Amino acid sequence: MTFAFCYPKTVTPWLILLAAVSPLALRVEVEPLGKGATSTVVAVAVQVAPEEREQLGPRVRFHVEFWKGSQKLDDGSGVGELAGDGSFLLYREWPSGEGLLRVEVSSLDGSKAGVVERKVVVPVLDKPFVAPEGAPPDATALAPSPPAEEAVRFARPRLGTVVGTVELTLEAPEDTGEVRFFQDNQLVVVKNRPPWQLSLSLGATPRRTVVRAEAWSRDGRLIGEDAVVLSGSENRLEVQILLREGKGQDQPTRVTVAVSPPGLEEEVVLRVDDRPVARWLSCPCVTELPAQALRSARILVAEARGGGREGEAVLAVGTGTLLETARVDVVELPVAVLDAAGRPVSDLRPEDFHVWEDGQPVVVDSLGRSEDLPVLLGLAVDVSGSMEKDFPLVRQAVGGFLADFLRPGDRFFLGTFSWEFSLLLPWGSEPRLAVDRLAGVRVEGGTSLHDAVIKALELFRGKKGPRGLVVITDGEDTTSRTGWDAALRYARTMRTPIFPVGIRVSVLDFVFRSRLSELAAATGGEAFFVGKPEDLPAVYRRIGEQLRQQYVVVYRSPASSAGDAFRQVTVKVQREGVTVRTIPGYFPSP
């Protein structure tokens, strides 16, 4: 592909960043490619100087921004795979007109960095953008996929002739010989001839319920499936992710994204981790994903917007194999209650708690306290090169924390991260081993914080009871394969409070501080920032108090389905002057 510059030719295409790190020469070219969903799709070609290619290795970090005036319209980061000539290609969608492009590229270890910043003129194009054959996922996702042909889809539900009932009609191809209707994953009825309709009673008290339909051909082949959510939220779109694995190990998996109410969707985007892989402007929304892509993925994300509403679904697919989404009936909610001085409140009773899920009040079935139950504790310690000076004190503080906190029956694991996450100690109960293992760790490399959060949380999968993950780091992520959005989404699926501890993080580093605080708030934990490692014992004591005085609120979800949509949770306590800290909601995937 030939790229034409979209900026004044009087500006040299090579720009060198002068900074404390070694400068990295860059060349950036931009070419408009076609009309996207709302604006213009452009290709951004980035090339490092030929003499730098061998020193950088096969991968670099990049950050791209596009500004119009004071408004930032694009902000993306990731890892680029360098071709033989030192280049990599990005596909973006920008509004027409003049704007400012800023591209920053750095080596994975941060030792070399360069920035290009200049004006770009984005034209208005009439020809729709079509992703070239073999294009990367970001290009494919910017080219809207047409609604799937020969697919199945629910028509918009309508009220039945009997009060309290709803009539559902499935639109299916002519060769359909059988349709199976499921309600909340339970088979309701099998139809052998059209019309493919189902009359369903909603009961005296409508509750959220998921109806799914499978259409089968006369020769026993699955044609497709769709789902619709009844009595869902009136303020957002309900999104479901339906997976159908191929018959062979290496056969692609069919993915159907179902949006309710049907017909309201204006844009639907499917992501594997944080990489967009498909995009539709109307449903049926069906695509196939390679088996290898899913084996290496951690989450699937589907986002939909339309009719002034938005919706999202997250499906945890694990690492290496797909995980079947389980029906979620019983929810264990970690709740911390603090008084005005920030001390845990420990004398509450079940009747003091009031809980709502998606706006519906629920009955608290039981209330446990972590001081009466074994606690699960995870520690992930940053051992990147920047931690070298502080690591001896960090290691000592970790050992002291475990020795003071753990009680008989408690279990913990210990992991470290730099370029990769390494599990030093699997689930166990002997704290003295932690100091010995940390003593043998080499402190070097980059900071893969996002990857570490995901891999550490995976160790909690399938475990019950009070728990918490403590993440100790001194700087922002530099080398993760996973983006921030994917890491945050995954954290919200696991219902495990995270306690990030930032060491020597500047008060001016607003982005990193806000991300650690966001990670804590999204999971019901608390973020801490210390100026020196000597302050860690006090922080550990506070974390220990919260973990030991944590409440476990148990209730039955009114949704009673295996849907993937985010479920908003609200908890209030009947006590004056207290602060309640818990997760703002959860994805039911685990």
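The values are calculated or read from the model by the stated rules, or taken from the named source; none is laboratory data. Just so you know, these numbers come straight off a predicted model, no measurement behind them. Methodologically, a virtual Cβ is constructed for each residue, glycine included, from the backbone with ideal geometry; neighbour enumeration extends over all protein chains shown.
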Among the residues of region 451-463, is there at least one that is at pLDDT 90 or above, of a type in the set (Asp, Glu) and under 29 Å from residue 554 (Cα atoms)? no
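Yes or no, residue by residue, for (1) out of contact with any Leu (no Cβ under 9 Å at 6 or more places or on another chain); (2) of a type in the set (D, E, K, R); (3) at pLDDT below 90:
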| site | (1), (2), (3) |
| --- | --- |
| 398 | no, no, no |
| 407 | yes, yes, yes |
| 419 | no, no, yes |
| 431 | no, no, yes |
| 435 | no, no, yes |
| 446 | no, no, yes |
Can you go through 442, 492, 461, 467 and tell me which one is touching a helix residue (DSSP H, G or I) at 6+ places or on another chain (Cβ under 6 Å) and either charged (D, E, K, R) or without any contact (Cβ under 8 Å) to a residue 60 or more places away in the chain (or both)? 492
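Inspect all residues belonging to region 78-85 and state whether any of them is under 20 Å from residue 279 (Cβ atoms) and not β-branched (Val, Ile, Thr).
Yes.
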Would a scan of region 369-387 turn up a residue that is touching a residue at least 24 places away in the same chain (Cβ under 8 Å), surrounded by fewer than 21 Cβ atoms within 10 Å (Cβ to Cβ) and assigned to a strand (DSSP E or B)? yes
Could you figure out which of (1) closer than 30 Å to residue 365 by Cα; (2) under 24 Å from the mean Cα position of the chain (by Cα); (3) surrounded by fewer than 22 Cβ atoms within 10 Å (Cβ to Cβ) isn't true of residue 577? (2)
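Taking the options 586, 551, name whichever one is modelled with pLDDT of 85 or more and either surrounded by 21 or more Cβ atoms within 10 Å (Cβ to Cβ) or of a type outside the set (A, V, I, L, M, F, W, C) (or both).
Only one candidate qualifies: 551.
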Could you pull out the residue among 543, 498 that is under 22 Å from residue 391 (Cβ atoms) and under 18 Å from the mean Cα position of the chain (by Cα)? 498
Going through region 82-117 one residue at a time, which ones are surrounded by fewer than 20 Cβ atoms within 10 Å (Cβ to Cβ), of a type in the set (Gly, Ala, Ser) and under 25 Å from the mean Cα position of the chain (by Cα)? none
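Look at region 220-262 and say how many of its residues are of a type in the set (Asp, Glu), touching a residue at least 40 places away in the same chain (Cβ under 8 Å) and either within 16 Å of residue 156 (Cβ to Cβ) or not in a strand (DSSP E or B) (or both).
4
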Wholly inside region 1-59, strands (runs of 3 or more DSSP E) that include 1 or more residues that are modelled with pLDDT of 80 or more and assigned by TED's automatic domain parsing to the domain that holds residue 99 are 25-35, 40-48
Of the residues 451, 485, which single one is surrounded by fewer than 16 Cβ atoms within 10 Å (Cβ to Cβ), touching a residue at least 24 places away in the same chain (Cβ under 8 Å), more than 25 Å from residue 542 (Cα to Cα) and under 21 Å from the mean Cα position of the chain (by Cα)? 485
With the condition kept exactly as written, say whether any residue in region 458-466 is out of contact with any Phe, Trp or Tyr (no Cβ under 7 Å at 6 or more places or on another chain) and either within 23 Å of residue 78 (Cα to Cα) or β-branched (Val, Ile, Thr) (or both). yes
From 401, 412, residue being more than 30 Å from residue 109 (Cα to Cα), in contact (Cβ under 8 Å) with a residue 60 or more places away in the chain and of a type in the set (Phe, Trp, Tyr): 401
Can you name the condition, by its number, that residue 340 falls short on among (1) modelled with pLDDT of 85 or more; (2) outside any loop (DSSP other than H, G, I, E, B)? (2)
From the list 130, 79, which one is assigned to a loop (DSSP other than H, G, I, E, B), of a type in the set (A, V, I, L, M, F, W, C) and within 30 Å of the chain's Cα centre (by Cα)? 130
Mind listing just one residue for me: the one in region 119-170 that is touching a helix residue (DSSP H, G or I) at 6+ places or on another chain (Cβ under 8 Å) and of a type in the set (A, V, I, L, M, F, W, C) and, of those, modelled with the lowest pLDDT? 131
